[in-house]
1. From Cα coordinates alone, what are the radius of gyration and Dmax values for the chain in angstrom?
2. Magnitude of the Cβ-charge dipole of the chain, K/R +1 and D/E -1, about the Cα centre, nearest 20 debye?
3. Calculate, in nm to one decimal, what GLU14 and LYS64 gain on full extension: separation in residues at 0.36 nm each, minus their alpha carbon distance.
4. Given the -39500 (n - 2.57) contribution per DSSP H run of 4+ residues, what per-residue ellipticity at 222 nm results for the chain, rounded to the nearest 500 deg cm²/dmol?
5. Between ARG82 and GLN25, what length comes free when the chain is fully extended (0.36 nm per residue of separation minus the Cα-Cα distance, one decimal in nm)?
6. Which whole-number percent gives the relative contact order of region 1-59, counting Cα pairs below 8 Å spaced six or more residues apart?
7. In what sequence, highest mean first, do 62-75, 24-37 appear when ranked by Cβ atoms within 10 angstrom?
8. Given a Förster distance of 22 angstrom, what is the FRET efficiency for ARG46 paired with GLU2, based on the Cβ-Cβ distance and rounded to 0.05?
Amino acid sequence: MEEEWVVSRSKLREVWVEHPEWSRQKMADEVGRSKSWVKQWLKRIRGAPLESQEVLRGKSPIPKHPPPPMDPKIVEKILEIRDHPP
């Protein structure tokens, strides 16, 4: 699936370079994606160097910042409830 997305993103970049005057809808029709998809990916593609392949791979689903650790008192209370349900 990821390979298909990279191909679509690459095709979008080619279409944008060759036809920058085209509307978002026309580009969407050309690459077979939605107008909102084109809008999102054009923004990312424009923000990267033209020769960059990294931008075509997308973003990692892993959060940039892990959630803060849970307060030990909360963990203790959860374990207590689990061991001795009310």
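Any read-out appearing in this document is the output of simple, stated calculations on the displayed coordinates, not a laboratory observation. Note that this is a predicted model, so its numbers are computed, not measured. Note: ideal-geometry Cβ built from the backbone for every residue, glycine included; neighbour counts use all protein chains shown.
1. Cα only, the chain: 22.1, 68 Å (Rg, Dmax).
2. The dipole of the chain has a size of about 380 debye.
3. Numbers: separation 50, 0.36 × 50 = 18.00 nm, distance 3.00 nm.
Fully extending the segment from GLU14 to LYS64 adds 15.0 nm.
4. Value at 222 nm, helices only, nearest 500: -18500 deg cm²/dmol.
5. 15.1 nm
6. Relative contact order comes out at 36 percent.
7. Numbers: 62-75: 7.4, 24-37: 15.1.
By packing density, highest mean first, the sequence is 24-37, 62-75.
8. Numbers: r = 22 Å, r/R0 = 0.99.
So the FRET efficiency works out to roughly 0.50.
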